[in-house]
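S.K.: After the structure tokens below, expect a handful of questions from me.
The values are calculated or read from the model by the stated rules, or taken from the named source; none is laboratory data. Just so we're clear, the structure is a prediction, and the values are computed from it rather than from any experiment. As a convention, Cβ positions derive from the backbone with ideal geometry for all residues, glycine included, and neighbour counts pool all protein chains shown.
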């Protein structure tokens, strides 16, 4: 590919390009003019970790070859073994079994002589494909505040931790717990590939609700996160051991269709449809050999999120059909920062603790508006957060407080402190400013 993609962390060149130079029945290695490279493959043939092994061995062999060139003069050859044990030779110089001259395997341009009618159809197909290409967007979140080491130090599974971060980010942005999918490898079985792990559990739903509540303490939020990650880790182990249900049920459905057996009504139920409408399709695939990994959404209203967990960073590549991809990433970033804030004391030296009364006063009870930059994300209403110099409520804040009061008619003035706006006590003619 031509062009410099140094300023584009996850270049569209690697994921889809123009599709005029893509061959999806092949494993594609895409090298750009600036030296950056990526691997693109169609998922039905292989899984991500198969392609990862391929990319990892190439990367590792490159590093080893460089190290060998440095130590050769000091320690001689053979002090650092190769990653790839087989001899690597150009196929064009390998002789045949009979000793005949080898075939010329150098690349050659393919010339297509096509009639005008076929060229017209190719043009129309390219135009239609261009619409598909332009209907998707991708945003990359490279979170460098912490990574695997920090999460493990806080005694949580890194993968389960990341899964909960995405589930919570969607909940905080849209107020819904939606179907979230994660593939779990079953490669220790003969011909095994993956089992479906469903991130949403009753424990995970409680976690989202508690985290979104303005009346939940930090301790309760952190406990709910730990409970959700533990449950997720337990189910991942079961799925990896072949105890999942998705693939088994799908296989039974396929066998029935193949043998002209009546399909049970269950496969047409609303529950089955909801289970298979994966709004958050996610996958963990990566190691130090890769910078980023990603894919597209599997449903029109969904997100496709590929992530890599490294020692000191977390990489998310988020794609959607023009949903608020950047805003979702922004909310996810805030969730990760809040996780760190709550777990940070466990990674520091404890020098003492405050009294229960003081601890209660120090509990920060967030409003959901804090996660999505308030009710005016796009900046069209010119709404500023109230401060000491703003004695009156603006229209947007007044509307929000009214909604809260209608929902909770018995709410007290002290409780409204969590909203962070001007409120007027029914028994007082004065406005009082309360801050988060």
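S.K.: Is it the case that segment 142-149 has a residue that's part of a helix (DSSP H, G or I) and either in the same structural domain as residue 216 (by TED's automatic domain parsing) or touching a helix residue (DSSP H, G or I) at 6+ places or on another chain (Cβ under 9 Å) (or both)?
M.R.: Of the residues in segment 142-149, the ones part of a helix (DSSP H, G or I) are 148-149.
If we keep only those that are either in the same structural domain as residue 216 (by TED's automatic domain parsing) or touching a helix residue (DSSP H, G or I) at 6+ places or on another chain (Cβ under 9 Å) (or both) as well, we get 148-149.
Checked against the condition, which is being part of a helix (DSSP H, G or I) and either in the same structural domain as residue 216 (by TED's automatic domain parsing) or touching a helix residue (DSSP H, G or I) at 6+ places or on another chain (Cβ under 9 Å) (or both), segment 142-149 yields at least one hit.
S.K.: On to the next question. What are the residues in segment 34-48 that are touching a strand residue (DSSP E or B) at 6+ places or on another chain (Cβ under 7 Å) and farther than 14 Å from residue 295 by Cα, if any? Please lay out each step first, then the result.
M.R.: Within segment 34-48, the subset touching a strand residue (DSSP E or B) at 6+ places or on another chain (Cβ under 7 Å) is 37-41, 47-48.
Within segment 34-48, 37 is the sole residue that qualifies.
S.K.: I'm told residue 274 meets every condition in (1) modelled with pLDDT under 95; (2) under 18 Å from residue 40 (Cα atoms) except one. Can you identify the failing condition by its number?
M.R.: The failed condition is (2).
S.K.: May I ask you to say which residue of 114, 119, 52 is modelled with pLDDT of 85 or more and part of a loop (DSSP other than H, G, I, E, B)? Reasoning before the result, please.
M.R.: Working: 119 fails: part of a loop (DSSP other than H, G, I, E, B); 52 fails: part of a loop (DSSP other than H, G, I, E, B).
Result of the check over 114, 119, 52: 114.
S.K.: Moving on to the next point. Name the residues in segment 135-153 that are farther than 25 Å from residue 319 by Cβ and in contact (Cβ under 8 Å) with a residue 24 or more places away in the chain, would you?
M.R.: First pass over segment 135-153, keeping only residues farther than 25 Å from residue 319 by Cβ: 149-150, 152-153.
Hits for segment 135-153 are 149, 150, 153.
S.K.: Continuing with the same structure: Working carefully through the options 2, 24, find the one that is at pLDDT 75 or above, more than 20 Å from the chain's Cα centre (by Cα) and either in the same structural domain as residue 308 (by TED's automatic domain parsing) or in a loop (DSSP other than H, G, I, E, B) (or both). So that I can check it myself, show each step before the final result.
M.R.: Numbers: 2 fails: at pLDDT 75 or above.
After ruling out the rest, the residue left standing is 24.
S.K.: Among the residues that make up segment 162-178, is at least one of them loosely packed, with under 15 Cβ neighbours inside 10 Å and in contact with a helix residue (DSSP H, G or I) (Cβ under 9 Å, 6 or more places away or on another chain)?
M.R.: Step one: of segment 162-178, the residues loosely packed, with under 15 Cβ neighbours inside 10 Å are 175-176.
With in contact with a helix residue (DSSP H, G or I) (Cβ under 9 Å, 6 or more places away or on another chain) added as a condition, the list becomes 175-176.
So far as segment 162-178 goes, yes, one or more of its residues are loosely packed, with under 15 Cβ neighbours inside 10 Å and in contact with a helix residue (DSSP H, G or I) (Cβ under 9 Å, 6 or more places away or on another chain).
S.K.: Would you be able to say whether some residue in segment 207-218 is surrounded by fewer than 21 Cβ atoms within 10 Å (Cβ to Cβ) and within 25 Å of residue 240 (Cβ to Cβ)?
M.R.: Taking segment 207-218 as the starting set, the residues that turn out to be surrounded by fewer than 21 Cβ atoms within 10 Å (Cβ to Cβ) are 209-210, 212-218.
Checking which are within 25 Å of residue 240 (Cβ to Cβ) leaves us with none.
There is no residue in segment 207-218 that is surrounded by fewer than 21 Cβ atoms within 10 Å (Cβ to Cβ) and within 25 Å of residue 240 (Cβ to Cβ).
S.K.: Pairs, please: C-beta under 6 Å, at least 6 apart or cross-chain, first residue more than 13 Å from residue 196 (Cα to Cα) and in segment 245-264, second surrounded by fewer than 12 Cβ atoms within 10 Å (Cβ to Cβ)?
M.R.: These pairs meet every condition: 256/263.
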